[in-house]
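Below is one structure, written out as structure tokens; comments come after it.
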Amino acid sequence: MRQWSFYIRHSLRDLRRNGSRTAFALFCIATGVAAVVALRSLALMIGDELTTNLAEINRGDIRVAASDDLNPRYYDRATGGDYVFTEAGVNALRDWAADENVEIQFASALNFIQILPVNEDGTYRRPFSVVALLIEPDKWPFYGVVFSSQPAVMPLKDLFPANTRSIVISERAARDNGLQVGDEVRVGGAEEPFTISALIPDETESSILLRNGPAGFLGFIYFPLEQGAEIGVDPLPDTAYIKLPLGRSIERVDDSLTARFGDDVSRLTTRELEEQNQETADLINELILVMGLSSILIGGIGIINTMQVIVGRRTLEIAVLKTLGLKAWRVTILFMVEAGFMGLFGGLIGVIAGIILSYFVRDVGEDVLNTSLSWRAYPEAWFSGLTLGVIITLVFGFLPTLNAGQVRPATVLRPNEIKLPSAGLVRTLTALIVMIIVFGLTLNVIVSGRLELSFGAALGLGGFIVGLFSGVMLSNRGIIQPVRDEDAASIAQRGAIILPNTVAGLMLVTFSAVRFFADLHIPSMLHYGLPVLTGILLYSGISRLTRSRPEVALQIARIARQLILWGGAVILGLLVGGGLFVLISSLYAVLYPDGDASTTLQIAGVICFGIGAICTFVFRLRGSSAAGMVGLALVTAAVLSVIGFGVGDLLKAVFDGTRFWSEVKTVSVGVIVVEIITLAFAAAFVVMYGVVWLVGKTPNLGNVDVKLALRNLSTRKPRTASTMLGLIVGVGALSLITLTTSAVTSVLETRLETNAGGNVFILTRDLNTAESVKKRLESRIQGVKSFSQFQFYTGRIILVNGEEPEIRGFESGDAADGNRAEFGRVENEEGIGFGFSTIDPRTNQLQFEMKKGRFFTADDVGKPYLVLREPFPGSFNDQLGLEVGSTITWLMKPPPSSGKEDFELTFTVIGIIDRDSEQFGAGDALQVPPGVVPDYMPPDSIFTIADIEDAYVDEAMVEFAQVSNVLAIELDFIVQLVERLLDQLAAIPTLVAILALVSGIAIIANTVALDTQERRRQIGIMKAVGLKGYRVLGQIMFENALIGFVAGLIGVLIGVIAVLLVGVLGEAETVKQALHLEPAFYLIGMAVAVSLLATLISAWTAARESPMEVLRYE
């Protein structure tokens, strides 16, 4: 107990004495913890919103949707193709509600409609689109109350005065289009205008939780359901909402509903909604927490650097303590206690900062969900942040504390020759394994149940990591140095160790490759036993030879060394040549997507092979240290990884099916994730280390300050590399989001403008209205260059080339209660839901470029032919596997009112349109000629695309807005809608990236502070010989500005690479249009600016310090 009292008092005293180092370490920890607390609080706010007020979200205790699962008398297809309740269906539901003594109301939720503002002089302004919610104002909604915000706060039932033509519009729709209460508008092509009687807050219906489609983006209007015909909408509801008396069992009422209307009736109860939303809330919570871990892990880099400096500057103190009798393990405990206090104090500061930050972060969640979130205290967020802060600090501070335990007492006798010893191979590997296990167990709490991975994979990856680090460390110890004759005694066992391991490792890897790639079964005894037995026999035989014949030992050691060196050189040569070939082939595919690449790539392959061969010899002859390190690391990694997989297979054979094995598999998930992250981090660190090395070789141009700055960077490569890595995470994430969003928008806009075939899209609900639109385009609207019209039908694909289709991702799944699938295939129904369009070749004005086959001609009208657009790899159409000559069969379901039975349509593919040819919307993927679908089968929608001169677009939009059942959308509006959607989706990732960048700033500030403390002696000497303080500060700022510039450049390159991979950009011209470099320059400038700011804050005091003061204590 007295020892622990000493540990605590000594640690607290040291933290107090080293105030500046402690402050920056606490800052690193606090920034990460604050990010975790704020993000976790945001996730819990969203979870509360999802799982509370369920009846309000569901708009009732039970929600029933119209579908073809009902009695055919109770549903029908609206003119837009959606299912609606017939009058008989409404009456049947009302009768059932009366029998069950429950309340019921009806609504038509998803109707897109156009609003045409009317000026005071009777002229019209530009029309706009909204979502029309047709409701029963006296009842809507059952739970919660809708109040107007203007002209006064009034309930919804009072906003539709009798004998008036009034509508209620959302604040967004009014704000975006310059409308206010009292203005007149024409709605849905109605002749008589309506008066806006009130404005409604956006969150009333715009929340994503309410599933009202794009109401949050477009805005919405309220209108009485029974008067729907006045604005061109069927006055038939698509949804019924049921409210139960207090205390009634939802399950019993649900059973009564299914007993009356069938088990397959499409419905959603609050209990089922709670299960869905709870699962969503858990997923959001885990996802945001994982994203937040990036910030606290970046803070861990600062902990490593700080603890290294603390141990390094207290080496003499440690030597004194060990001279007085303190054991090495007690020294390690002493520093671990100090790291624990750092984690605790930094975590507490971070929790307080996170609580404050969570209040402001709430706005981001509200923007994403389009709803208000309630802020409150979340102790679980505080606890998770504090716990992670302490764990991260202890784990990242573990290795430096092991170094502290290895300081020798004799250091007291040589205080001017202090050098921090290494922890040793065994201790370092132990620390690495402990880190992986601790992080794995921590992460397993988050990802448990989401993934299922084998324990053998955990052991195999663990063996690979241990082998990789072991090989690097053994290489650094000189195990692959040249073998000299006079060293025969010291290296007698080197060949006896390396050669058997190399042979056994090659055998293990060969057997594993044959087993995996050739799919051949190799018995486990042969797979693992033969290499191990071979290695043992070789070791035994070589050991005897080395004892009796030293010259044989020398030759064996030299042979083993050459195997390692040449193996590493070949691998490095393959990496250079293969990487160059992949780069050339990728660039060729982007620049010449339709070119014949066979000859060019063959020549490139020969050239790259030659370059790789030259690099192999260069690495062997001039870079033997690198070749040896790579060869030894990969040999040990391969051997230990295969052994790990083998042990995993053995344990599985023994314990499979037991509870122990089930628990082990569960734990292995988090461990495997951490192992993958460790490998990625190690690879990134190696790359950053190489970048720092290259930066250190930059010409100094004869400038002394630049020369000193570059030398300082080169002397602390590991710390500089880790600092750059922390900054790159934040800048790279922002670059990824910014550039990718910009690229997606630009590509979409470019493709729409060049390939859409027009700039105005007109959606109509029936054939008569479509004919009216066609006549206006032909005669009344000026500036029409061309237009095309097609009809869109939906059915179920049941056969492709005579066989049932199997499409990845389109499988049966439950929506509300297992009766409907959320996507694709529907339970109890054959086939996969998908649509096709009809286009008349006699009037079509689009000129398609054909990849294969031909397009329709006038003679094809009425024939069962099909033309498809060339699909993207992996897409639904690509998985159908359609080629010219293929057949595809749809099952079509006519509306019940037609009185017709279901029927099948089989089409033969006669052509494939080039992917980049002009298009008329998403519905042109599969096209058939008119006259094939019977007249009693109405289309789901009718699209018209028109190319109108820009000067006449406004006039055309006004003209279409005056036609009932017409929705006209301009091309620019679609692009703006996508931009708004992308901004909304990117809000939370952007927030995470900014928090990671803040953590990166903390790392830079910490690194600069540690660096200036380590260089106090150097700074004092420079100032003593006459160097001004501003030049010292300038050197330090130049060093870190260079770090910020390189980190920003690499981070931006991550975003640029992502842009090049966005959706298969294809042509070089498209790449130029998608790649916007303005944000990239801003991000690089921001990285440099934050680096300079952090440097200025940390180094200002050190640069102004008196040289006498420094030299007195240094």
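Mind ordering 137-147, 361-371, 217-227 by average Cβ neighbours within 10 Å, highest first?
Going from most to least packed, we get 217-227, 361-371, 137-147.
Would you mind checking the pairs Lys322/Lys1023; Lys139/Lys900; Lys774/Lys900; Lys785/Lys863; Lys707/Lys1028 and listing those with alpha carbons more than 26 angstrom apart?
Lys322/Lys1023; Lys139/Lys900; Lys774/Lys900; Lys785/Lys863
Looking at Ala66, Pro155, Thr258, which one has the Cα that reaches farthest to the positive end of the dipole of region 56-277 (charges on Cβ: Lys, Arg +1; Asp, Glu -1)?
Toward the positive end, the furthest listed residue is Pro155.
Around Asn53, with a cut-off of 12 angstrom between Cβ atoms, what is the net charge of the other residues, counting Lys and Arg +1 and Asp and Glu -1?
-3
Taking 0.36 nm per residue of sequence separation and subtracting the Cα-Cα distance, how much length would be gained by fully extending the chain between Asp121 and Lys863, in nm to one decimal?
261.8 nm
Give, rounded to the nearest 20 debye, the magnitude of the charge dipole that region 56-277 has about its Cα centre when Lys and Arg contribute +1 at Cβ and Asp and Glu contribute -1 at Cβ.
Computed about the Cα centre, the dipole is about 300 debye.
Along the Cα→Cβ direction, 7 angstrom out, place labels at Leu537 and Asp48. What is the inter-label distance in nm?
The two pseudo-label positions are separated by 7.1 nm.
State whether region 865-996 is rounded, prolate or oblate according to the following rule on the C-alpha gyration tensor (a ≥ b ≥ c being the square roots of its eigenvalues): a/c under 1.5 gives rounded; otherwise a/b larger than b/c gives prolate, and the remaining case gives oblate.
oblate
Would you work out if region 56-277 is rounded, prolate or oblate? Take a ≥ b ≥ c from the square roots of the eigenvalues of the alpha-carbon gyration tensor; rounded if a/c is under 1.5, else prolate when a/b is larger than b/c, oblate otherwise.
Prolate.
Students often check this: by mean Cβ neighbours within 10 Å, which of 769-779, 164-174 ranks highest, and how do the rest follow?
So the peptides 769-779, 164-174, ranked by packing, come out 164-174, 769-779.
For Glu949 and Arg915, what is the calculated FRET efficiency with R₀ set at 41 Å and r taken between the beta-carbons, to the nearest 0.05?
Working: r = 28 Å, r/R0 = 0.69.
Result of the calculation: an efficiency of 0.90.
Along the charge dipole of region 1-101, Cβ charges K/R +1 and D/E -1, which of Ala38, Trp4, Phe24 sits furthest on the positive end?
Value: Trp4.
Tell me, what is the percent relative contact order of region 61-108, built from C-alpha pairs under 8 Å that lie six or more residues apart? Numbers along the way, then the final one.
Working: 34 pairs, mean separation 11.7, N = 48.
About 24 percent, as a whole number.
Note the full-extension length gain between Arg2 and Leu575 as 0.36 nm times their separation in residues minus their Cα-Cα distance, in nm to one decimal. It would help to have the intermediate numbers written out before the result.
Details: separation 573, 0.36 × 573 = 206.28 nm, distance 5.72 nm.
Computed gain between Arg2 and Leu575 is 200.6 nm.
If packing is taken as the mean number of other Cβ atoms within 10 Å per residue, what is the order of 1048-1056, 726-734, highest first?
726-734, 1048-1056
Lysines near Lys665 by alpha-carbon distance under 23 Å, same-chain residues fewer than 8 away left out - which ones?
Once the sequence-local lysines are set aside, what remains near Lys665 is Lys652.
Can you compute the label reach from His10? Point 7 Å from Cα along the Cβ direction, backbone N cut-off under 11 Å, restricted to region 324-353.
The answer is 324-338.
With each label point set 7 Å from Cα along the Cα-Cβ vector, what nm distance links Ile677 and Arg711?
Once both label points are built, they end up 4.0 nm from each other.
What number, in percent, do you get for the relative contact order of region 56-277 if the mean sequence gap of Cα pairs under 8 Å and at least 6 apart is divided by its residue count?
32 percent
Distance in nm between label sites at Ile208 and Trp1100, each 7 Å beyond Cα in the beta-carbon direction?
Placing both labels 7 Å along Cα→Cβ, they lie 4.1 nm apart.
Among Gly189, Pro237, Phe217, whose Cα projects farthest towards the positive end of the dipole of region 187-321, with charges put on the beta-carbon of Lys, Arg (+1) and Asp, Glu (-1)?
After comparing all options, I get Phe217.
Only the coordinates and a few stated rules stand behind these numbers; no lab work does. As the structure is a prediction and not an experimental result, all values here were calculated from the model. Counting neighbours? That spans all protein chains shown, and the Cβs are built from the backbone with ideal geometry, glycine included.
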